[in-house]
Amino acid sequence: MGDPDDIDDVPRIYVACLACYSAGRLHGRWFDVGTDPDGLHHEVLSYFATGCETCGSYEPECPECRAFATPFPCGGEELAVHDREGLGSAGEGYDLEHLCAVAALLEDFPERPVLAYLSEVDRDVEQAREGLRDSYAGSWNSAAEWAESWAEDADLGVEQLWPYVDWAHFAHDLELGGDVRTVEAEGSVHMFWR
């Protein structure tokens with residue numbers, strides 16, 4: 001399995017039939033995850049489901065095929081995501097809308113620590129989108145390095161005291177005070193304003 005934080009990989013999921021899995025058979029396949037949950041669902045169904053008598057194979061445009069998509073020929077009726085690559089941890093639920101929303105975040109913010117920040121906000125995609133868009137303050141080697149840079153940019157007028165400031169302690173106080181949030185990912189500390 002690839003590195004879950006490697007955004008160069010196309011996000012993908014392994015979807016399996018739960019009835020087959022419970023019976024000791026592995027019946028599933030890897031699917032690339034884009035930003036369209038309906039399209040992904042129909043792609044998955046075209047693999048697992050049979051079509052109506054008219055179509056012969058599953059056709060997403062056919063209302064009859066969609067209405068009779070389950071049970072599958074194997075007898076199963078429920079699908080699960082058994083593995084994922086490039087999407088972080090998300091459990092085994094078949095929540096394609098959430099997975100596609102995560103893929104959209106990865107697409108929209110390719111240079112930011114999307115998966116690490118998503119974990120920090122309890123996998124809430126909208127909160128992550130807002131934070132990645134509005135609160136991201138950059139990537140640094142340490143929170144202390146960020147605090148010193150921020151103090152310089154803020155022009156606090158105490159440059160002569162800077163050599164005596166414990167920047168790690170200052171950054172820690174800002175984090176404890178709720179002013180900033182730090183996320184460590186990919187060997188860097190990423191800073192977010194709260």
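Every number here is computed from the coordinates shown, using simple stated rules; none is lab data. Just so you know, these numbers come straight off a predicted model, no measurement behind them. Cβ coordinates were reconstructed from backbone atoms using ideal geometry, including for glycine residues, and neighbour counts include every protein chain displayed.
For the chain, a Gaussian network of Cα nodes joined below 10 Å ranks Ser142, Ser57, Ser46 by mean-square fluctuation, and the top entry is Ser57.
Using only the Cα atoms of region 134-193, build the gyration tensor, take square roots of its eigenvalues as a ≥ b ≥ c, and label the shape rounded, prolate or oblate: rounded if a/c is under 1.5, else prolate if a/b is larger than b/c, else oblate. Prolate, since a/c reaches 1.5 and a/b exceeds b/c.
For region 72-153, what does the relative contact order come out to in percent, with C-alpha contacts under 8 Å and a separation of six or more?
On the way: 34 pairs, mean separation 14.6, N = 82.
Here the relative contact order equals 18 percent.
If you take all other residues with their beta carbon under 14 Å from the beta carbon of Asp108, and give Lys and Arg +1 and Asp and Glu -1, the sum is -2. A simple charge model with +1 on the Cβ of Lys and Arg, -1 on the Cβ of Asp and Glu and nothing else charged puts the dipole of the chain at about 800 debye relative to its Cα centre. Across the chain, the mean sequence separation of Cα contacts (distance under 8 Å, 6 or more residues apart), normalised by length, yields a relative contact order of 20 percent.
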